[in-house]
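The values are calculated or read from the model by the stated rules, or taken from the named source; none is laboratory data. From a predicted model like this one, the values you see are computed outputs, not experimental measurements. Cβ: placed from backbone, ideal geometry, glycine included. Neighbour counts: every protein chain shown.
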Amino acid sequence: MLPLWVGIFLAAAALLFAAAALRERRRAALLSDRLAARERETHLLSESPDPETILRRAFEAAAERLAISRFDLYTIDDGGRVEEAWTLSGEPGRRLPRRDASSPWRGQRVDALRVKDLTATETGLSFAPRDLLAGGPATKRLQLPLFSGDRLVAHLVLESPSPIDDRAKAEIRALLAPLTSALHGSRNWRIAVTDELSGLASRRYFETRLAEEWARQERYGAPLAVAILDLDHFKNINDTYGHPAGDRVLRRFGEIVRGEIRSSDVACRYGGEEFAILFAESTAAAASAVAERIRRALKREAFTWDGKAFHATVSAGVSGAEDAREAATLLSRADEALYRAKDGGRNRVVVWPGPARRKSARR
């Protein structure tokens, strides 16, 4: 017969073992729930074409598992160059991924040999980040190439103030599949709805989004505004310097517009040298301030072609939805304001109703 203290010890040990097993089962169930939720979220990620929304959700999912001090992501274009850079910004405790327009990595070619060093081959057309393989040392920094098949979609640099162990790596790896799929889908979607020359949305997509936002403002009363912009004397640029020079102006103007609007706004090439911007939940005054920044930025831009320097300017008309009865009215008022900007001497922004229209100006 065992002494009493041995029985007590064994009973206590059994209770501790049972408690530990219960904790592990609960943790496994929690992990399963998280992964299931992320699996469901895959559809949400794929349905959102906005990279900022995709990265915010991915960051929030990763932050559930470990503290994150760095979350830098670089999307890669078909030519193997960095297309966009994203990094954490905002106040401590409320930081989220934001586009880094000043990143020195934008436009840089990816070092294929370095990516190869960071990658483990799983099959002939399947690659995984080497830093996430089980059995490796715990580290505070992960270099994560994201592949869709054999195509490098993006590169993620993730850091934590605490060492990242195999358990955390497994959860991060589970997140990478939906993140990669969402980024790849976002890029394909962008190609489908984007004007190739200006890099802005297509007119059809703009009109679809306008109908959606108009329905929202009718239901909830949220402000809504549009701007229509037209490059001044653009035909003269084509006639004087050639169409390739005009194409350069269109590309640069698209870059300027993208740099000034929010991710929730929609800018499109409306046709030829005419553009339109949809400002969700914005007043005409707020929209005109953005249009004015775009106008000034283009005016400052110095273009050269075949050794010849030239400048381009833009006129804009803005209208708000305050007393408009339908989306078509919103657009027609912005177009009317644009005509008045042209009548007033071009290179200016006019908010509807603006000054009286004198005549129909040539654009």
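Considering region 190-239 alone, what residues qualify as being aromatic (Phe, Trp, Tyr) and free of Cβ contacts under 8 Å to residues at least 60 places away in the same chain? Full working, then the answer.
Within region 190-239, the subset aromatic (Phe, Trp, Tyr) is 205-206, 214, 220, 234.
Hit for region 190-239 is TYR220, nothing else.
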For region 246-258, does any single residue satisfy the condition of being surrounded by fewer than 22 Cβ atoms within 10 Å (Cβ to Cβ) and touching a residue at least 60 places away in the same chain (Cβ under 8 Å)? no
Going by the structure shown, is ASN236 at pLDDT 90 or above, of a type in the set (S, T, N, Q) and over 18 Å from ARG333 (Cβ atoms)? yes
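Regarding ALA327, is this residue in contact (Cβ under 8 Å) with a residue 40 or more places away in the chain and under 24 Å from ASP343 (Cα atoms)?
Values: in contact (Cβ under 8 Å) with a residue 40 or more places away in the chain: yes; under 24 Å from ASP343 (Cα atoms): no.
Considered against the rule, which asks whether it is in contact (Cβ under 8 Å) with a residue 40 or more places away in the chain and under 24 Å from ASP343 (Cα atoms), ALA327 comes out as no.
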Residues (buried (at least 19 other Cβ atoms within 10 Å of the Cβ) and small (Gly, Ala, Ser)) located in region 292-349: ALA312, SER315, ALA316, GLY317, SER319, GLY320, ALA321, ALA324, ALA327, ALA334, ALA337, ALA341
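To keep it simple, each residue is scored yes or no on (1) free of Cβ contacts under 8 Å to residues at least 12 places away in the same chain; (2) under 18 Å from THR180 (Cβ atoms); (3) in a loop (DSSP other than H, G, I, E, B).
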site: VAL82; (1), (2), (3): no, yes, no
site: GLY93; (1), (2), (3): yes, no, yes
site: SER102; (1), (2), (3): yes, no, yes
site: LEU113; (1), (2), (3): yes, no, no
site: ALA128; (1), (2), (3): no, yes, no
site: ALA134; (1), (2), (3): no, no, yes
site: LEU144; (1), (2), (3): no, yes, no
site: HIS155; (1), (2), (3): no, yes, no
Subset of region 257-297 [part of a helix (DSSP H, G or I), under 23 Å from the mean Cα position of the chain (by Cα) and either hydrophobic (A, V, I, L, M, F, W, C) or not assigned by TED's automatic domain parsing to the domain that holds HIS243 (or both)]: VAL257, ALA286, ALA287, ALA289, VAL290, ALA291, ILE294, ALA297
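Quickly run through region 299-316 and pick out the residues that are in contact (Cβ under 8 Å) with a residue 60 or more places away in the chain and farther than 19 Å from TYR339 by Cβ. Steps first, answer last, please.
Kept after step one, since they are in contact (Cβ under 8 Å) with a residue 60 or more places away in the chain, are these residues of region 299-316: 305-306, 308, 310, 312-316.
Across region 299-316, the qualifying residues are TRP305, ASP306, LYS308, PHE310, ALA312.
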Quick check on region 79-90. Is at least one of its residues over 17 Å from HIS184 (Cβ atoms), over 15 Å from the mean Cα position of the chain (by Cα), in the same structural domain as GLU60 (by TED's automatic domain parsing) and not basic (Lys, Arg)? yes
